[in-house]
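Asks: For reference, the structure I am asking about is given below.
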Amino acid sequence: MQEEGVIKFALEFNAAAPVSIPGLPELNAWRRILWRLGLIGQDSGRYGGYGFGNISQRVEPYAAPENRRRFVISGSQTGHHAELTEADFATVSEYDAKYNRVVAAGPIKPSSESLTHGYVYNINNEIRVILHVHSPAIWRCASMLGIPVTDKGVPYGTPEMAREVERLFRQTDLMELRIFAMGGHEDGVIAFGSTADEAGSVLMQALAHGYTCENNL
(Lines give C-alpha, C1' and ligand atoms only; values in the text may rest on other atoms or scores of the structure.)
Protein backbone atom coordinates (compact mmCIF):
# COMPACT_ATOMS: atom_id res chain seq x y z
CA MET A 1 0.00 0.00 0.00
CA GLN A 2 1.21 3.50 -0.87
CA GLU A 3 2.01 5.29 2.39
CA GLU A 4 0.26 8.65 2.43
CA GLY A 5 -0.76 11.20 5.03
CA VAL A 6 1.22 9.65 7.89
CA ILE A 7 2.92 12.16 10.22
CA LYS A 8 6.60 11.20 10.48
CA PHE A 9 7.92 14.00 12.69
CA ALA A 10 7.67 14.53 16.44
CA LEU A 11 4.58 16.71 16.79
CA GLU A 12 4.01 18.96 19.78
CA PHE A 13 0.36 19.81 19.31
CA ASN A 14 -1.94 21.93 21.44
CA ALA A 15 -5.67 21.85 20.74
CA ALA A 16 -6.93 25.42 20.27
CA ALA A 17 -9.75 27.39 18.70
CA PRO A 18 -9.57 28.31 15.00
CA VAL A 19 -7.73 31.52 14.17
CA SER A 20 -8.69 34.21 11.69
CA ILE A 21 -6.80 33.69 8.41
CA PRO A 22 -6.32 36.80 6.22
CA GLY A 23 -6.67 35.93 2.55
CA LEU A 24 -8.52 32.67 3.18
CA PRO A 25 -11.09 33.28 0.39
CA GLU A 26 -8.32 33.57 -2.23
CA LEU A 27 -6.49 30.54 -0.84
CA ASN A 28 -9.70 28.53 -0.71
CA ALA A 29 -10.60 29.53 -4.27
CA TRP A 30 -7.38 27.97 -5.52
CA ARG A 31 -7.85 24.90 -3.37
CA ARG A 32 -11.35 24.47 -4.82
CA ILE A 33 -9.85 24.50 -8.32
CA LEU A 34 -7.21 21.95 -7.32
CA TRP A 35 -9.84 19.76 -5.66
CA ARG A 36 -12.05 19.79 -8.76
CA LEU A 37 -9.06 18.86 -10.92
CA GLY A 38 -8.28 15.91 -8.64
CA LEU A 39 -4.93 17.40 -7.59
CA ILE A 40 -6.10 17.52 -3.97
CA GLY A 41 -8.66 15.08 -2.62
CA GLN A 42 -9.34 11.58 -1.45
CA ASP A 43 -10.01 8.62 -3.72
CA SER A 44 -10.34 4.96 -2.74
CA GLY A 45 -8.39 4.05 -5.87
CA ARG A 46 -5.39 6.30 -5.18
CA TYR A 47 -2.71 6.18 -2.49
CA GLY A 48 -4.45 3.54 -0.39
CA GLY A 49 -7.55 5.66 -0.01
CA TYR A 50 -5.84 8.32 2.09
CA GLY A 51 -6.40 12.03 1.55
CA PHE A 52 -3.71 13.80 -0.50
CA GLY A 53 -2.52 17.34 -1.09
CA ASN A 54 -2.34 20.34 1.22
CA ILE A 55 -2.00 24.12 1.22
CA SER A 56 -0.33 26.62 3.52
CA GLN A 57 0.12 30.35 3.96
CA ARG A 58 2.51 32.45 6.04
CA VAL A 59 1.08 34.56 8.86
CA GLU A 60 2.59 37.46 10.77
CA PRO A 61 5.13 38.26 12.03
CA TYR A 62 6.76 37.91 8.62
CA ALA A 63 10.19 39.09 9.82
CA ALA A 64 10.68 35.95 11.89
CA PRO A 65 13.91 33.90 12.00
CA GLU A 66 14.27 30.60 10.19
CA ASN A 67 12.44 27.65 11.78
CA ARG A 68 10.01 30.10 13.39
CA ARG A 69 8.25 31.49 10.33
CA ARG A 70 4.68 30.87 11.37
CA PHE A 71 2.21 29.53 8.85
CA VAL A 72 -1.25 28.04 8.71
CA ILE A 73 -1.55 24.70 6.96
CA SER A 74 -4.48 22.49 6.08
CA GLY A 75 -5.07 19.74 8.59
CA SER A 76 -4.08 16.12 8.25
CA GLN A 77 -6.54 14.11 6.15
CA THR A 78 -8.74 17.00 5.01
CA GLY A 79 -8.44 16.12 1.33
CA HIS A 80 -12.02 14.89 1.07
CA HIS A 81 -13.44 18.34 1.85
CA ALA A 82 -14.46 20.32 -1.23
CA GLU A 83 -13.82 23.56 0.69
CA LEU A 84 -12.03 24.33 3.92
CA THR A 85 -12.95 26.62 6.79
CA GLU A 86 -10.71 28.10 9.46
CA ALA A 87 -11.51 25.01 11.54
CA ASP A 88 -9.59 22.91 8.99
CA PHE A 89 -6.26 24.68 9.52
CA ALA A 90 -3.52 24.37 12.13
CA THR A 91 -0.92 27.03 12.93
CA VAL A 92 2.69 25.86 12.86
CA SER A 93 4.87 28.07 15.06
CA GLU A 94 8.16 26.15 15.09
CA TYR A 95 9.81 23.41 13.02
CA ASP A 96 13.29 21.92 13.03
CA ALA A 97 14.58 19.20 10.70
CA LYS A 98 17.62 18.60 12.92
CA TYR A 99 15.34 17.31 15.67
CA ASN A 100 12.54 16.18 13.33
CA ARG A 101 10.15 18.36 15.34
CA VAL A 102 7.08 20.49 14.61
CA VAL A 103 5.16 22.65 17.08
CA ALA A 104 1.57 23.44 16.13
CA ALA A 105 -1.79 24.44 17.57
CA GLY A 106 -5.35 24.58 16.35
CA PRO A 107 -8.58 22.63 16.06
CA ILE A 108 -6.89 19.94 13.92
CA LYS A 109 -3.43 18.39 13.61
CA PRO A 110 -1.29 19.84 10.80
CA SER A 111 -0.51 18.13 7.51
CA SER A 112 2.16 15.45 7.42
CA GLU A 113 4.07 17.76 5.03
CA SER A 114 4.44 20.58 7.57
CA LEU A 115 8.19 20.12 7.95
CA THR A 116 8.70 20.40 4.18
CA HIS A 117 6.53 23.53 4.00
CA GLY A 118 8.55 25.11 6.79
CA TYR A 119 11.83 24.59 4.98
CA VAL A 120 10.48 26.11 1.78
CA TYR A 121 9.48 29.17 3.83
CA ASN A 122 12.97 29.23 5.35
CA ILE A 123 14.55 29.76 1.95
CA ASN A 124 13.09 33.17 1.20
CA ASN A 125 10.91 35.46 3.29
CA GLU A 126 9.00 36.54 0.17
CA ILE A 127 7.49 33.05 -0.17
CA ARG A 128 4.05 33.32 1.39
CA VAL A 129 1.94 30.48 -0.11
CA ILE A 130 2.63 26.80 -0.84
CA LEU A 131 0.39 24.43 -2.81
CA HIS A 132 1.21 20.72 -2.55
CA VAL A 133 -0.69 18.60 -5.05
CA HIS A 134 -0.59 15.14 -6.57
CA SER A 135 -0.32 15.36 -10.34
CA PRO A 136 0.72 12.27 -12.32
CA ALA A 137 1.10 14.40 -15.47
CA ILE A 138 3.56 16.88 -13.92
CA TRP A 139 5.37 14.26 -11.83
CA ARG A 140 6.05 11.85 -14.70
CA CYS A 141 7.24 14.61 -17.01
CA ALA A 142 9.07 16.77 -14.47
CA SER A 143 12.58 16.22 -15.79
CA MET A 144 11.48 16.73 -19.40
CA LEU A 145 9.76 19.97 -18.38
CA GLY A 146 12.87 21.24 -16.60
CA ILE A 147 11.24 21.00 -13.16
CA PRO A 148 13.68 20.17 -10.33
CA VAL A 149 13.11 16.81 -8.66
CA THR A 150 14.10 15.63 -5.19
CA ASP A 151 16.03 12.39 -4.81
CA LYS A 152 13.68 9.42 -5.29
CA GLY A 153 15.23 7.74 -2.26
CA VAL A 154 14.03 10.48 0.08
CA PRO A 155 10.52 10.02 1.58
CA TYR A 156 8.06 12.85 2.23
CA GLY A 157 7.68 14.62 5.56
CA THR A 158 11.18 13.78 6.82
CA PRO A 159 14.30 15.77 7.76
CA GLU A 160 15.93 14.29 4.66
CA MET A 161 13.22 15.84 2.49
CA ALA A 162 13.77 19.22 4.16
CA ARG A 163 17.47 18.97 3.32
CA GLU A 164 16.63 17.92 -0.24
CA VAL A 165 14.52 21.06 -0.61
CA GLU A 166 17.47 23.15 0.55
CA ARG A 167 19.72 21.36 -1.96
CA LEU A 168 17.36 22.11 -4.86
CA PHE A 169 17.32 25.80 -3.96
CA ARG A 170 21.14 25.83 -3.90
CA GLN A 171 21.78 23.81 -7.05
CA THR A 172 18.90 24.69 -9.39
CA ASP A 173 16.84 27.69 -10.52
CA LEU A 174 14.06 26.69 -8.12
CA MET A 175 13.53 30.18 -6.73
CA GLU A 176 12.79 31.40 -10.24
CA LEU A 177 10.80 28.33 -11.34
CA ARG A 178 8.75 28.17 -8.10
CA ILE A 179 7.87 24.49 -8.56
CA PHE A 180 9.49 21.11 -7.86
CA ALA A 181 8.52 17.44 -7.92
CA MET A 182 9.10 15.00 -5.08
CA GLY A 183 10.93 12.03 -6.59
CA GLY A 184 10.24 9.73 -3.64
CA HIS A 185 6.60 10.75 -3.17
CA GLU A 186 4.40 9.40 -5.94
CA ASP A 187 2.84 12.24 -8.00
CA GLY A 188 3.87 14.82 -5.36
CA VAL A 189 4.45 18.35 -6.67
CA ILE A 190 4.95 21.60 -4.74
CA ALA A 191 4.43 25.10 -6.15
CA PHE A 192 4.96 28.31 -4.22
CA GLY A 193 4.78 32.06 -4.57
CA SER A 194 4.29 35.38 -2.88
CA THR A 195 0.52 35.00 -3.31
CA ALA A 196 -1.96 32.19 -3.92
CA ASP A 197 -2.51 33.56 -7.44
CA GLU A 198 1.19 33.36 -8.21
CA ALA A 199 1.59 29.80 -6.88
CA GLY A 200 -1.62 28.68 -8.58
CA SER A 201 -0.61 30.17 -11.93
CA VAL A 202 2.76 28.40 -11.81
CA LEU A 203 0.99 25.13 -11.11
CA MET A 204 -1.56 25.54 -13.90
CA GLN A 205 1.14 26.30 -16.46
CA ALA A 206 3.07 23.19 -15.39
CA LEU A 207 -0.12 21.13 -15.58
CA ALA A 208 -0.82 22.25 -19.15
CA HIS A 209 2.74 21.37 -20.18
CA GLY A 210 2.47 18.09 -18.29
CA TYR A 211 -0.65 17.06 -20.19
CA THR A 212 1.07 17.87 -23.49
CA CYS A 213 4.15 15.87 -22.47
CA GLU A 214 2.08 12.94 -21.20
CA ASN A 215 0.21 12.71 -24.53
CA ASN A 216 3.54 12.39 -26.33
CA LEU A 217 4.96 9.64 -24.13
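Asks: Summarise the accessible area of the range 110-205 (1.4 Å probe, protein heavy atoms) by the percent that is carbon and sulfur.
Replies: The C+S portion of the solvent-accessible surface of the range 110-205 is 46 percent.
Asks: Could you provide, to the nearest whole Å², the per residue accessible area of the chain with probe 1.4 Å?
Replies: Value returned for the chain: 43 Å² of accessible area per residue.
Asks: For the chain, what is the charge dipole size about the Cα centre, in debye to the nearest 20, if Lys and Arg each add +1 at the Cβ and Asp and Glu each add -1 at the Cβ? Could the numbers behind the result be given before it?
Replies: On the way: 19 positive and 25 negative charges, 31 e Å.
Charge dipole of the chain: 140 debye, to the nearest 20.
Asks: Looking at the square roots a ≥ b ≥ c of the eigenvalues of the Cα gyration tensor of the range 114-217, which shape do they give, rounded for a/c under 1.5, prolate if a/b is larger than b/c, or oblate?
Replies: Judged from the Cα gyration tensor, the range 114-217 comes out oblate (a/c at least 1.5, b/c at or above a/b).
Asks: Using a 1.4 angstrom probe on the protein heavy atoms only, line up Leu27, Leu177 by accessible area, largest first.
Replies: From most accessible down to least: Leu177, Leu27.
Asks: Okay, moving on. Report the residue, chosen from Thr158, Thr150, Thr85, that carries the largest GNM mean-square fluctuation when the chain is represented by alpha-carbon nodes joined by springs under 10 Å.
Replies: Taking springs between Cα atoms under 10 Å, the residue moving most is Thr85.
Asks: Comparing Glu66, Glu176, Glu186, which has the greatest mean-square fluctuation in the GNM of the chain with Cα pairs linked when under 10 Å apart?
Replies: Fluctuation is largest for Glu176.
Asks: A further question follows. What figure in square angstrom, to the nearest 10, would you give for the accessible area of Tyr50 with a 1.4 Å probe?
Replies: 90
Asks: Can you tell me the order of 187-193, 137-143 when each peptide is scored by its average per-residue count of other Cβ atoms within 10 angstrom, highest first? If you can, show how the numbers build up before the last one.
Replies: On the way: 187-193: 24.1, 137-143: 20.1.
Descending mean neighbour count gives 187-193, 137-143.
Asks: Classify the range 50-92 as rounded, prolate or oblate, taking a ≥ b ≥ c as the square roots of the eigenvalues of its Cα gyration tensor: rounded when a/c is under 1.5, otherwise prolate if a/b is larger than b/c and oblate if not.
Replies: prolate
Asks: Still on this structure, I have one more. For His209, His134, give me the order by solvent-accessible area with a 1.4 Å probe, most accessible first, ignoring ligands, DNA and RNA.
Replies: His209, His134
Asks: Another one. With a 1.4 Å probe and all protein chains in place, put Met204, Met175, Met144 in order of accessible area, largest first.
Replies: Sorted by accessible area, descending: Met144, Met175, Met204.
Asks: Still on this structure: How high is the relative contact order of the range 39-152, in percent, with contacts defined as C-alpha pairs under 8 Å that are six or more residues apart?
Replies: Rounded, it is 26 percent for the range 39-152.
Asks: Considering only DSSP beta bridges whose two residues both sit in the range 1-133, what percent are antiparallel, to the nearest 5?
Replies: Roughly 75 percent of the beta bridges in the range 1-133 run antiparallel, per DSSP.
Asks: Evaluate Rg over Rh across the chain, taking Cα atoms for both radii and Kirkwood's formula for Rh.
Replies: For the chain, the value is 0.93.
Asks: Ignoring solvent entirely, what values of log10 I(q)/I(0) come out of the Debye formula for the range 1-88 at 0.24 Å⁻¹ when each Cα is a single scatterer?
Replies: So the normalised log intensities work out to -1.29.
The values are calculated or read from the model by the stated rules, or taken from the named source; none is laboratory data. Just so it is clear, the structure is predicted and the values come from calculations on it, not from any experiment. When we count neighbours, we look across all protein chains shown, and the Cβ atoms used for this are built from the backbone with ideal geometry, even at glycine. What goes into the accessible areas is simple: the full protein's heavy atoms, side chains included, and nothing from ligands, DNA or RNA. Shrake-Rupley method; radii C 1.70, N 1.55, O 1.52, S 1.80 Å.
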